[in-house]
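Participant: Below you'll find the structure I mean.
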Protein chains: 2
Amino acid sequence: MTEGKELRKLGEFGLIDRIARQLSAGKGVVLGIGDDAAAFTPSPGLLSLVTTDMLIEGVHFDLSFCDPLSLGKKAVSVNLSDIAAMGGKPRYFLLSLAIPPTMTLDFLDNCIKGMLQRAEQFGVQLIGGDTCSSPGPLVLTLTVLGEQSPDSLVRRSGARPGDQVCVTGTIGDSALGLRLLQQGKRLDNALLRHLDPVPRVREGQALAEAAIPSAMIDLSDGLLADLGHILDLSSVGAQIFSEALPLSDIFREHFPTVTEEALSLALAGGEDYELLFTVPPEEIPKVFPLLDKLGTRASIVGIITAERKLAVIGPDGREIFLHRKGFNHFTNENKT
Amino acid sequence: MTEGKELRKLGEFGLIDRIARQLSAGKGVVLGIGDDAAAFTPSPGLLSLVTTDMLIEGVHFDLSFCDPLSLGKKAVSVNLSDIAAMGGKPRYFLLSLAIPPTMTLDFLDNCIKGMLQRAEQFGVQLIGGDTCSSPGPLVLTLTVLGEQSPDSLVRRSGARPGDQVCVTGTIGDSALGLRLLQQGKRLDNALLRHLDPVPRVREGQALAEAAIPSAMIDLSDGLLADLGHILDLSSVGAQIFSEALPLSDIFREHFPTVTEEALSLALAGGEDYELLFTVPPEEIPKVFPLLDKLGTRASIVGIITAERKLAVIGPDGREIFLHRKGFNHFTNENKT
């Protein structure tokens, strides 16, 4: 069947019905897809969290190497990652789709299947959205709603001099996978981290419930750029130790010595979707057993300083200057 | 200055700061723009409402005749209109912007000014969002959060045979304004209804609090299409009386006799952003004084029937068949 033809036959409301039929009634949901707005009962005593992220074809993903199932999963993951960075529990999501005329129904079905799979994995329900035709790229806008105890909300603004800078998992794999792919090569394990990152929701909740982090953020633009947000809002600086960065075996196989290119990928490549958090020294001993229970590695990669400067320190104790600092829409330039 | 240059200089985070600086701390907001997610305290005992709508350049608006201030206002209004249709009180909104490289900072400033003006008018706070570069059209995705007493939630599914079909204000003006503009003519009062519709938030809340409507929806795709959603979900039909349609003086000046073209604009033109609601006969006497207090006209335009058919009845008592039924993305065809 010609591209887009099935979708034209189905129409906007047919597509909405098709999605709604795949959903089961969720806990707390009073009214899901199909009315003017969705309605749910917030849990008594908890704060509501809300975050939204756009994924745009040609900016955030490339349909020539991105399969629809992974794209759907990733769209949900990057939003859940923001809730994870608050230490919150994600509950519901809304999906807005702007669909170009060439899009096939098969692609959309698989993309939505990926979203619902990832959402179910984290106990999250699709409760609403919007579907439109797009004269340009495919655009997915997701909004995720979550909940959080007021006592355990982790902000970006709480880092203090002397706090240790920690990170979950490994960094740089996603950027390495993408770069190789753009060069026509495939490194499957690294590429998987780019195409299908899994958000650190359970880790974020566990850390927040134990009141361990003084500040937390998820790594989407690269460690330096994202740590920069914590530093700005906390009015502090930091030193990051290049030797302490958690690099995967695959990453180290590709870079037997940590070149400037390797450091750039690890510190400014972006899309790691790991959690970066700062921890007062007396709380540090709790971090490793807590994350170990979840099967997740934690690393101390630096320290918060009173001097408002972000420096990367090499094995010789000297500062390393990196050309690339992280992703910034509009400029495509380094941030200062 | 060259188009887009100022925005590239400002960058993604500069733009977010620029927006955040215009906001004041709102009631209930624990954490606004600038963290991974926004956090707010839901009001005890109330349901949370959430709705999202995309506005896409070339689909929902045309930058050749749409000024940025009105575009911003409209983007908020169409989302508030969905909360109004539940009878809810809007509280917060999130804004996702996909910005093409040619966009000027002046345009964006005015667009955001329009959003904040309309939001303030209804006591709504901007608490988060996302900004990206777009390789295609300008895309605005707004998500509005609201609240509602569980007892006064008005669904689309509650219409019963014998209920009267009512509508606020007048219909068809927006479609008339747009059609004339596309023909190179201007009819300012009608065009204003297209460019800057004002959502019926107070009317929706007043009707819901008085427990008057059995079902309610806002008119975005046209009366017939939107009433169709109520009929589908309520498993009923309706008769609409062409003579009873509330047409403005301007509309009647343009159409001294109600031609098929006039009926099509009024019933299937779309973007009226009035409320369509069904009312049990015994509640009808309450409708007029209630809306009159808000300075809003109400009209009875039809009746709900047990027979699952939607018919437009002319002055001679015979059914009128209209070619155009309402807007549907992807198909651009009539709905059945």
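The values are calculated or read from the model by the stated rules, or taken from the named source; none is laboratory data. The model shown is predicted, which means the values in this text are computed figures rather than measured ones. Positions of Cβ are backbone-derived with ideal geometry, glycine not excepted, and every protein chain shown enters the neighbour counts. The protein model used for the area step is the full one, side chains on, heavy atoms only, and it has no ligands, DNA or RNA in it. Shrake-Rupley method; radii C 1.70, N 1.55, O 1.52, S 1.80 Å.
Participant: For q values of 0.13, 0.23 Å⁻¹, compute log₁₀ I(q)/I(0) with the Debye formula on a Cα-only model of segment B:1-96, without solvent.
Facilitator: Each listed q corresponds, in turn, to -0.64, -1.39.
Participant: Using Cα pairs closer than 8 Å and at least 6 residues apart in sequence, work out the relative contact order for segment A:1-50, in percent.
Facilitator: With pairs under 8 Å counted, the relative contact order is 20 percent.
Participant: Charges at C-beta only: +1 for Lys and Arg, -1 for Asp and Glu. How large is the resulting dipole of the protein assembly as shown about its Cα centre, in Debye rounded to 20? Each step should come with its number before you reach the end.
Facilitator: Values: 62 positive and 84 negative charges, 62 e Å.
It comes to approximately 300 debye.
Participant: May I pose another question? Against the longest alpha carbon principal axis of chain B, how many degrees, from 0 to 90 and to the nearest 10, is the axis of helix B:223-234 turned?
Facilitator: 80 degrees
Participant: Then there is this: Which chain B residue sits with its beta carbon nearest the axis carrying B onto A, and how many Å away is it, rounded to a whole number?
Facilitator: Whole-Å result, nearest residue of chain B to the axis: B:GLY136, 1.
Participant: Got a number for carbon plus sulfur as a percent of chain A's accessible area, 1.4 Å probe?
Facilitator: Numbers: 6560 of 13190 Å².
Carbon with sulfur: 50 percent of the solvent-accessible area.
Participant: Where is the GNM fluctuation largest for chain B (alpha-carbon springs, 10 angstrom cutoff): B:GLY28, B:GLY87, B:GLY72?
Facilitator: B:GLY28
Participant: Roughly what angle does helix B:284-293 make with the longest principal axis of chain B, taking Cα atoms, 0 to 90 degrees, to the nearest 10?
Facilitator: 40 degrees
Participant: May I ask for the distance between the Cα centers of segment B:107-125 and segment B:1-77, given as a whole number of Å?
Facilitator: 8 Å
Participant: Just B:PRO315, B:PRO199, B:PRO68 to compare: in a GNM of chain B, with alpha carbon springs under 10 Å, which one fluctuates most?
Facilitator: Greatest mean-square fluctuation among the candidates belongs to B:PRO315.
Participant: Then there is this: If you restrict to DSSP beta bridges whose two residues both lie in chain B, what percentage is antiparallel, to the nearest 5? Intermediate values should be presented prior to the final figure.
Facilitator: On the way: 40 of 53 bridges.
Just about 75 percent of them are antiparallel.
Participant: Quick check on my link table: of B:LYS89/B:LYS113; B:LYS89/B:LYS286; B:LYS74/B:LYS185; A:LYS73/A:LYS309; A:LYS9/B:LYS309, which ones sit more than 25 Å apart, alpha carbon to alpha carbon? Show your work: numbers first, answer last.
Facilitator: Values: B:LYS89/B:LYS113 22 Å; B:LYS89/B:LYS286 21 Å; B:LYS74/B:LYS185 22 Å; A:LYS73/A:LYS309 36 Å; A:LYS9/B:LYS309 22 Å.
Result: A:LYS73/A:LYS309 exceed 25 Å.
Participant: What total accessible area, in Å², is buried where chains B and A meet, using a 1.4 Å probe and rounding to the nearest 100? Kindly include the intermediate steps, with their values, before the conclusion.
Facilitator: Details: alone 15880 and 15870 Å², together 26390 Å².
So the buried area, both faces added, is about 5400 Å².
Participant: Give the accessible surface of segment A:5-152 per residue, rounded to a whole number of Å², with probe radius 1.4 Å and ligands, DNA and RNA excluded. Numbers along the way, then the final one.
Facilitator: Numbers: 4860 Å² over 148 residues.
Solvent-accessible surface per residue comes out at 33 Å².
Participant: In addition: Modelled label-to-label distance, A:SER64 and A:LYS9, 7 Å Cα→beta-carbon offset: nm?
Facilitator: The answer from the label model is 3.1 nm.
Participant: Along the positive direction of the dipole of segment A:164-320 (beta-carbon charges: Lys, Arg +1; Asp, Glu -1; about the Cα centre), which of A:ALA190, A:GLY270, A:LEU223 reaches farthest?
Facilitator: The residue sitting most towards the positive pole is A:ALA190.
Participant: Separate question: Taking only Cα atoms and a 10 Å spring cutoff, compute GNM fluctuations for chain A and point out the largest among A:GLU147, A:GLU274, A:GLU253.
Facilitator: Of A:GLU147, A:GLU274, A:GLU253, the most mobile in the Gaussian network model is A:GLU253.
Participant: Which percent, nearest 5, of DSSP beta bridges in the protein assembly as shown are antiparallel? Intermediate results must be reported in sequence, preceding the final value.
Facilitator: Working: 86 of 112 bridges.
Antiparallel: roughly 75 percent of the beta bridges in the protein assembly as shown.
Participant: Additional query: If one takes the longest principal axis of the Cα atoms in chain B, at what angle in degrees, from 0 to 90 and to the nearest 10, does the Cα axis of helix B:105-121 lie?
Facilitator: 50 degrees
Participant: Okay, moving on. Treating only the Cβ of Lys, Arg, Asp and Glu as charged (+1, +1, -1, -1), what charge dipole size does chain B show about its Cα centre? Round to the nearest 20 debye.
Facilitator: Numbers: 31 positive and 42 negative charges, 52 e Å.
About 240 debye.
Participant: Which ³J(HN,Hα) values in Hz, rounded to whole numbers, follow from the phi angles of segment A:237-246 under the Karplus curve 6.51 cos²θ - 1.76 cosθ + 1.60, where θ = phi - 60° and Gly and Pro get x?
Facilitator: Along segment A:237-246, the couplings run x, 7, 10, 10, 9, 4, 5, 8, 5, x Hz.
Participant: So, how do all the Cα-to-Cα distances of the protein assembly as shown break down into 10 Å bins, in percent, from 0 on up?
Facilitator: Binned Cα distances yield the sequence 3, 15, 25, 25, 16, 9, 5, 1, 0, 0.
Participant: Please name the residues of segment B:25-41 whose accessible area, counted over protein heavy atoms with a 1.4 angstrom probe, falls by no less than 30 Å² between the chain alone and the full protein assembly.
Facilitator: B:VAL30, B:LEU31, B:GLY34, B:ASP35, B:ASP36, B:ALA37, B:ALA38, B:ALA39, B:PHE40
Participant: Same structure again: Work out the FRET efficiency for A:GLU253 and A:LYS185 from their Cβ-Cβ distance, taking R0 = 22 Å, and round it to the nearest 0.05.
Facilitator: Numbers: r = 13 Å, r/R0 = 0.61.
That gives a FRET efficiency of 0.95.
Participant: Next question. Sequence gap at least 6, Cα distance under 8 Å: using those rules, report the relative contact order of chain B to the nearest whole percent.
Facilitator: Values: 727 pairs, mean separation 69.2, N = 336.
This gives 21 percent for chain B.
Participant: What residues of segment A:46-87 lie in the reach of a label at A:THR104, counting those whose backbone N is under 16 Å from a point 7 Å from the Cα along Cα→Cβ?
Facilitator: Residues A:63-71 qualify, since their backbone N sits under 16 Å from the label point.
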